[in-house]
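Visitor: Pasting a structure here, questions to come.
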């Protein structure tokens, strides 16, 4: 069957007693208009949240602030706020945003993007500043670590840093990119870049099987849709590693009206499977989400609990930045929610010319993808990408336009994948 056990969703609990953990500032302050887009980092048992702030996002620059907690719940804004502002020259002359704090070997790094001139929106260039402590002062450069893609690529309008994680071979950076921006935040997806020199240079992930725009230069590792809970975009994500499991908490985006927290897992940080019962935490579960938005989540795994920060949107009535928690046990239940015993049959006839039938059985409703690949791993056809009811199914493949040879068909459903070989003889 598809599901080995029916686990409950994790018990996420909004920190209602203290939310927002980072509110907008008082009258006259630099963040009186907005406090949004948090990024959570834990160093030596201390929680650091970088966030965007502005007097008025429509008419004033966005800057980056910092709030710190030693008890995981009570955050104090840095007296140096804003810790980073537009420096008057280069790509970040006017505004800076999406600050991502990273500590390595005694040095603090702040990854961010910026714009040379208004209007305010996330930029196309990711750079980093360096300091001796998280409050600064920060040394900014115009170094270009990562840029948006060429015109027509999936990330040509913006690239914005989300999370940096160490691996055995270096660093990985997750970022969100989009080929659209105003008036609506559509088509935002999650990309990945790697560095082997401590973050000085970065290389975007590129699937060699995709060679046409919008994925000619690079590829997102998590795409929007086709599921209803994130059909219009993914507005931010937090990623952690728990043993050999990679886990992503992301904001699924529906038109311009709803955003909730969703969950995905991966064995390698590249191939992600969305949880079939998403979303796992919704805007109606948090009383401060007056805009029906929970967006820009980031996450830390600390003392057997997940700490998730997010914002309530960036409108004039947004409360600021919130916090929710869940136990590792609850998330482990999601990680163990596996697809097993899904039966994929050998195609018939085999060998074939030019048509063959591929049959499989689903004991429970699920989203299924069936693709054909050639010998060098290039995708040559998508036969199925849809939600199917339980029962037996079959798909006919017409390979009239292809040359004789060995091909492979792969069935994916949740975390289940199975591949079989077929032979076309003309």
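The values are calculated or read from the model by the stated rules, or taken from the named source; none is laboratory data. Since we're looking at a predicted model, the values are computed, not measured. Counting neighbours? That spans all protein chains shown, and the Cβs are built from the backbone with ideal geometry, glycine included.
Visitor: What are the residues in the range 199-210 that are assigned to a strand (DSSP E or B) and touching a residue at least 24 places away in the same chain (Cβ under 8 Å), if any?
Guide: 204 - this is the single residue of the range 199-210 that is assigned to a strand (DSSP E or B) and touching a residue at least 24 places away in the same chain (Cβ under 8 Å).
Visitor: Quick one: is residue 46 over 19 Å from residue 297 (Cα atoms), out of contact with any helix residue (DSSP H, G or I) (no Cβ under 9 Å at 6 or more places or on another chain) and at pLDDT 95 or above? Walk me through it before giving the result.
Guide: Numbers: over 19 Å from residue 297 (Cα atoms): no; out of contact with any helix residue (DSSP H, G or I) (no Cβ under 9 Å at 6 or more places or on another chain): yes; at pLDDT 95 or above: yes.
Spelling it out, it is not the case that residue 46 is over 19 Å from residue 297 (Cα atoms), out of contact with any helix residue (DSSP H, G or I) (no Cβ under 9 Å at 6 or more places or on another chain) and at pLDDT 95 or above.
Visitor: Something else: Kindly provide the set of residues from the range 201-218 that are modelled with pLDDT of 90 or more and over 14 Å from residue 152 (Cβ atoms), ordered by number.
Guide: Once the filter is applied, which keeps residues that are modelled with pLDDT of 90 or more and over 14 Å from residue 152 (Cβ atoms), the range 201-218 yields 201, 202, 203, 204, 205, 206, 207.
Visitor: If you don't mind, there's one more thing I want to ask. Any residue at all in the range 343-356 that's assigned to a strand (DSSP E or B), within 27 Å of residue 192 (Cα to Cα) and at pLDDT 90 or above?
Guide: no
Visitor: Related question: In the range 241-255, what count of residues is obtained for those that are surrounded by fewer than 19 Cβ atoms within 10 Å (Cβ to Cβ) and under 18 Å from the mean Cα position of the chain (by Cα)?
Guide: 5
Visitor: To continue, here is another question. Go through the residues of the range 254-275 one by one and say whether even a single one is in contact with a helix residue (DSSP H, G or I) (Cβ under 9 Å, 6 or more places away or on another chain), modelled with pLDDT under 85 and more than 15 Å from residue 236 (Cβ to Cβ).
Guide: Yes - at least one qualifying residue is present in the range 254-275.
Visitor: Any idea which residue in the range 312-332 is modelled with the lowest pLDDT, counting only those that are within 20 Å of the chain's Cα centre (by Cα) and part of a strand (DSSP E or B)?
Guide: That would be 326.
Visitor: Report yes if residue 289 is touching a helix residue (DSSP H, G or I) at 6+ places or on another chain (Cβ under 8 Å), at pLDDT below 90, under 21 Å from residue 178 (Cβ atoms) and not in a strand (DSSP E or B), otherwise no.
Guide: When the stated conditions are applied, residue 289 does not pass them.
Visitor: Name the residues in the range 46-68 that are under 25 Å from the mean Cα position of the chain (by Cα) and surrounded by fewer than 20 Cβ atoms within 10 Å (Cβ to Cβ), would you? Please lay out each step first, then the result.
Guide: Here is the first cut: in the range 46-68, the ones under 25 Å from the mean Cα position of the chain (by Cα) are 46-54, 57, 62-68.
Passing the criteria: 46, 68.
Visitor: Inspect the range 241-255 for any residue being part of a loop (DSSP other than H, G, I, E, B) and farther than 23 Å from residue 306 by Cα and give the result as yes or no. Give the derivation first.
Guide: The initial filter retains those residues of the range 241-255 that are part of a loop (DSSP other than H, G, I, E, B), namely 243-244, 255.
The next check asks that each one be farther than 23 Å from residue 306 by Cα; those that pass are 255.
Within the range 241-255 (the criterion being part of a loop (DSSP other than H, G, I, E, B) and farther than 23 Å from residue 306 by Cα), the answer is yes, since at least one residue qualifies.
Visitor: Identify, from the list 213, 279, 220, the residue that is surrounded by fewer than 16 Cβ atoms within 10 Å (Cβ to Cβ), in the same structural domain as residue 314 (by TED's automatic domain parsing) and assigned to a loop (DSSP other than H, G, I, E, B). So that I can check it myself, show each step before the final result.
Guide: Working: 279 fails: surrounded by fewer than 16 Cβ atoms within 10 Å (Cβ to Cβ); 220 fails: surrounded by fewer than 16 Cβ atoms within 10 Å (Cβ to Cβ).
Every option except 213 fails the conditions.
Visitor: Sticking with this structure for a sec: If a residue has to be buried (at least 24 other Cβ atoms within 10 Å of the Cβ) and not in a loop (DSSP other than H, G, I, E, B) to count, how many in the range 31-45 make the cut?
Guide: Result for the range 31-45: 7.
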